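Below: the structure, in structure tokens.
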Amino acid sequence: MSYVQFEYTSPRLEGEVKVPGDKSISHRSIIFGSISHGITKVLNFLDGEDCLRTIDAFREMGVQIDIEGNTVHVHGNGLEGLKKPDKAIDFGNSGTTTRLMLGLLAGLPFETNIFGDPSLTKRPMDRVVVPLRKMGASIYGDANGNFLPITIHGGALQGITYQLPVKSAQVKSAVLLAGLLAEGETIVQEETETRNHTEVMLQAFGADLKQTEKGITVTNKGNLTACDVEVPGDISSAAFFLAAGAIVPGSTVTLKNVGLNDSRTGILDVLKQMGAAITIANERTTGGEKIGDLTIQYTALEGITIEGNIIPRLIDEIPILALLATQADGKTVIKDAEELKVKETDRIEAVCQNLQALGANITPTDDGMIIEGPTKLTGGTISSYMDHRIAMMGVIAALVSENPVKMDEKDSINISYPAFFDDLETILQ
Ligand code: S3P
């Protein structure tokens, strides 16, 4: 096997990065634009492979979508304008595309076949299949519809009241999308708040969606109309340079226009609690989403416990937080994060195997991990597990390793951050 090698001698990071558009918001801008009437202009769209899968899916269903750099025009013909795709749709590596699209396809009066790559094929779909069947959709696939490839036959749906059994914005969004096509009210109740981009954006597009004491309520009575979207920078991508700035001696890094929606900023709370020197400037709101510029400086960090309601607010940042914790003084415990096992790979295993291989003191647990720091990482050989966030963690680890980090591939980074190495180069001194 050929490896890519990352070696940085006495690095220091200084300067500004404009991180790419938010992945969750980019997906939703295409979905809601496609099912609305009129032309939706999307600025700062993330041209990562996952979001391009969502565009491909709607093109297959007859929607005209024009891409010019990071500006996208979606020519929506409304929910009734979507046509049966001519062939099976490939959702690649994208769990968000799959789960949200299943919600929409559940209400459309035709049969669709969907499949994905080996990683997506292992990820559980029963979390959306169960409520969508309750609403009236017919869904067939391996293990009673739990795994792709899946055939879904949508049609007349009935609204339901659904209490989320997993803390998942993808499941919430799938049920709300189905609710746009269902008779009566659909109510989603969640014990712990997960990212709320679907609710914010559906309201901006004119859906009949409200937050009441019963839960998040949606009906088919709204009038979905095109609405321009300016996608904030992705805090989950910014996280890699925030962590790097905090642990590479002498660094000061500014991340511009980062999305600061409260349901996503768990990483900032954790960084502050660990003692990081982080400031927020130019705070403003666009399309109902908060944005700001983040500056972080290298400083000594302390281990903490990360658990409970904060977990959904930083779930995608746990790999890079684990690396950060190897450089913090004392014990960091990450709990209540069993969802990591069903991400693009089992991220508890991937993070622990890799950081152990680089010399860290880290132990996996059933729902997270325990890290003892600080450790000077030695470098070594790791695997990306074909997971973009594990791969980026590996590259950032090389910045604080004595010897090179060798990794089996780096192309998976294109899933969420195609310009990752260019941006790193910009701030590397
Ligand atoms: C996402 C929700 C999260 C997150 C994923 C994107 C979304 O997944 O991990 O990267 O856009 O709704 P879950 O809903 O499975 O927690």
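Points to keep in mind about this one:
- All helices (runs of 4 or more DSSP H) inside the range 154-261 with 2 or more residues being more than 16 Å from the ligand (Cβ to nearest atom), open to solvent by less than 30 Å² (accessible area, probe 1.4 Å) and not assigned by TED's automatic domain parsing to the domain that holds Val63: 235-247
- Inspection of the range 82-100 finds no residue satisfying the criterion of being more than 14 Å from the ligand (Cβ to nearest atom), in the same structural domain as Pro165 (by TED's automatic domain parsing) and in contact with a His (Cβ under 8 Å, 6 or more places away or on another chain).
- Pick from the range 310-345, criterion assigned to a helix (DSSP H, G or I) and away from the ligand (no atom under 15 Å from the Cβ), ranking: farthest from the chain's Cα centre (by Cα): Thr326
- Residue count, the range 5-41 (criterion: touching a residue at least 40 places away in the same chain (Cβ under 8 Å), open to solvent by 20 Å² or more (accessible area, probe 1.4 Å) and out of contact with any Ser or Thr (no Cβ under 9 Å at 6 or more places or on another chain)): 3
- Out of Asp117, Asp126, one residue alone is over 24 Å from Asn414 (Cβ atoms), at pLDDT 95 or above, in the same structural domain as Arg195 (by TED's automatic domain parsing) and within 16 Å of the ligand (Cβ to nearest atom). It is Asp126.
- Residue match in the range 159-174 (condition: in contact (Cβ under 8 Å) with a residue 40 or more places away in the chain and in contact with a Phe, Trp or Tyr (Cβ under 8 Å, 6 or more places away or on another chain)): no
- All of Glu302, Glu317, Glu349 fail the test of being in the same structural domain as Val405 (by TED's automatic domain parsing), more than 19 Å from Leu399 (Cα to Cα) and either crowded, with 24+ Cβ neighbours inside 10 Å or touching an Asp or Glu at 6+ places or on another chain (Cβ under 7 Å) (or both), apart from Glu302.
- The range 370-420, residues that are free of Cβ contacts under 8 Å to residues at least 24 places away in the same chain and either among the aromatic types (Phe, Trp, Tyr) or surrounded by fewer than 21 Cβ atoms within 10 Å (Cβ to Cβ) (or both): Asp411
- Verdict on Gly145 being open to solvent by 10 Å² or more (accessible area, probe 1.4 Å), over 21 Å from Asp50 (Cβ atoms) and more than 16 Å from the ligand (Cβ to nearest atom): no
- Some residue of the range 298-309 being farther than 28 Å from Ser412 by Cβ, among the charged types (D, E, K, R), away from the ligand (no atom under 16 Å from the Cβ) and under 21 Å from the mean Cα position of the chain (by Cα): yes
- Selection status of Lys256, at pLDDT 95 or above and within 29 Å of Leu157 (Cα to Cα): no
- For the range 282-309, filtering for residues that are assigned to a strand (DSSP E or B) and over 20 Å from Phe240 (Cβ atoms) leaves 9.
- Counting the residues of the range 346-366 that are within 16 Å of the ligand (Cβ to nearest atom) and in contact with a strand residue (DSSP E or B) (Cβ under 8 Å, 6 or more places away or on another chain) gives 2.
- Output for the range 257-288, where each listed residue is in contact (Cβ under 8 Å) with a residue 24 or more places away in the chain and within 30 Å of Ala226 (Cβ to Cβ): Asn257, Val258, Gly259, Leu260, Asn261, Asp262, Ser263, Arg264, Thr265, Thr286, Gly287, Gly288
The values are calculated or read from the model by the stated rules, or taken from the named source; none is laboratory data. Just so you know, these numbers come straight off a predicted model, no measurement behind them. Quick reminder, even Gly has a Cβ in these numbers, built from the backbone with ideal geometry, and neighbours come from all protein chains shown. Calculation scope for accessible area: heavy atoms of the full protein, side chains included, ligands and nucleic acids excluded. Shrake-Rupley method; radii C 1.70, N 1.55, O 1.52, S 1.80 Å.
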